[in-house]
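Everything on this sheet refers to the single structure shown next.
The values are calculated or read from the model by the stated rules, or taken from the named source; none is laboratory data. Keep in mind the model is a prediction, meaning the values are calculated, not measured. We place every Cβ from the backbone using ideal geometry, glycine too, and count neighbours over all the protein chains shown.
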Amino acid sequence: MKTILVTGGAGYIGSHACKALSRAGYTPVTYDNLVTGWQDAVKFGPFEQGDLLDRARLDEVFTKHQPAAVMHFAALSQVGEAMREPGRYWSNNVTGSLTLIEAAVAAGCLDFVFSSTCATYGEHDNVVLDENTSQHPLNAYGASKRAIEDILRDFQASHDLRHVIYRYFNVAGADPDGEVGEFHRPETHLVPLMLDAIDGKRDGLTIFGTDYDTPDGTCIRDYVHVCDLVDAHVLGLDWLEQGKESRVFNLGTGSGFSVLEVIEQSKSVTNRPVPYTVGSRRAGDCTKLVSGSVRAETELGWKPKRSTLETMIADAWRWHQNGHYEK
Ligand code: UFG
């Protein structure tokens with residue numbers, strides 16, 4: 001069985017990826033510092049606690065497990081926090097990823113799957129966002145991810161580090177079996193915040209601005225189910241194993257939903273009202289981020305199965321009612 005080093009395997013997306021990898025016959029080894037991840041979420045393979053900035057620890061883990069590839073999820077990923085504390089984003093995300101990449105290269109582990117983001121595109125008026133769209137991130141989070149994409153290209157040129165870069169749109173939902181799910185502390189993402197508001201775990205949701213240039217004035221995002229997203233990562237490993245060229249793929253469905261539309265759908269899935277108030281814009285938010293690419297479908301053979309808004313919210317709601325982690 002091939003071993004895959006999964007950084008951030010104790011986090012939301014990484015834990016779902018570990019489940020998908022183990023189902024596909026790989027051994028996922030989680031490498032996570034547990035700053036935002038949860039040891040309880042590591043259920044599908046060995047756990048190695050460590051920080052991306054700790055080169056000695058990384059070297060030890062590469063030597064011990066001899067992974068065939070790296071899947072790199074570990075990152076700070078909150079737009080609001082990135083606006084307030086950009087230094088942490090450049091240090092943890094960029095220097096941390098550089099340290100990981102250097103350790104991988106030194107260990108001869110030259111297949112690399114990287115979680116990037118549509119936040120690297122920034123604001124574009126009436127432009128279809130595909131992989132060739134110019135990248136002008138509005139926040140340090142997006143900027144840090146774009147920088148890591150550049151580092152990967154440089155290491156491809158110098159050391160033949162073959163990579164697949166995924167630019168995620170908005171990831172939502174949870175494992176339908178309820179083994180893992182989305183659980184951040186503090187929570188900043190729309191769907192879990194909304195579910196907290198619905199069942200009274202918080203006073204209400206604040207909509208960050210209703211004065212955007214969209215039909216209902218709220219921001220539009222392209223939501224993709226976490227299980228579909230991680231399926232694409234398994235296909236990315238096949239892609240690299242087949243010796244194909246390094247490639248960038250958007251992972252979104254091409255359908256955009258406004259914050260108010262997500263609220264409406266949640267009302268109908270949960271059969272409960274969503275208490276909310278309208279607040280001001282959140283710094284760093286783009287008006288609209290919707291994928292305009294079918295490259296992942298046509299080239300990787302990726303077929304999203306659970307990415308309707310209804311299914312994503314239903315899966316998230318099931319997890320929300322039953323699941324949580326303890327450190
Ligand atoms: N929103 C609110 N109120 C809240 C939280 C969010 O109105 O309390 C709005 C945001 O303004 C945005 C939408 O809901 O319009 C989605 O916000 P999220 O915070 O859930 O997600 P973001 O779009 O900011 O960012 C997320 C991830 C990033 C990723 C990005 C890609 O946090 O890692 O999606 O769009 F890069």
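Residues that are closer than 30 Å to I220 by Cα, more than 16 Å from the ligand (Cβ to nearest atom) and either touching a helix residue (DSSP H, G or I) at 6+ places or on another chain (Cβ under 7 Å) or polar (S, T, N, Q) (or both) do occur in region 110-117.
For region 246-299, the tally of residues that are hydroxyl-bearing (S, T, Y) and within 17 Å of R202 (Cβ to Cβ) stands at 4.
Residue pairs whose Cβ atoms lie under 6 Å apart, separated by 6 or more positions or on different chains, with the first residue in region 67-94 and farther than 20 Å from V6 by Cα and the second near the ligand (Cβ under 10 Å from one of its atoms) and basic (K, R), are G80/R282. Tell me, please, whether a residue that is surrounded by 15 or more Cβ atoms within 10 Å (Cβ to Cβ), away from the ligand (no atom under 13 Å from the Cβ) and assigned to a strand (DSSP E or B) can be found in region 145-163. Among the residues of region 145-163, at least one is surrounded by 15 or more Cβ atoms within 10 Å (Cβ to Cβ), away from the ligand (no atom under 13 Å from the Cβ) and assigned to a strand (DSSP E or B), which makes the answer yes.
Filtering region 241-275 to residues that are touching a Leu at 6+ places or on another chain (Cβ under 9 Å) and either free of Cβ contacts under 8 Å to residues at least 24 places away in the same chain or away from the ligand (no atom under 16 Å from the Cβ) (or both) leaves S246, R247, V269, T270. Just one of the listed residues (R295, R272, R282, R247) is surrounded by fewer than 18 Cβ atoms within 10 Å (Cβ to Cβ), modelled with pLDDT of 95 or more and closer than 21 Å to Q135 by Cα, namely R295. I'd like to check something: does region 164-176 contain any residue that is closer than 26 Å to G14 by Cα, away from the ligand (no atom under 12 Å from the Cβ), assigned to a strand (DSSP E or B) and assigned by TED's automatic domain parsing to the domain that holds E131? Checked region 164-176: at least one residue is closer than 26 Å to G14 by Cα, away from the ligand (no atom under 12 Å from the Cβ), assigned to a strand (DSSP E or B) and assigned by TED's automatic domain parsing to the domain that holds E131.
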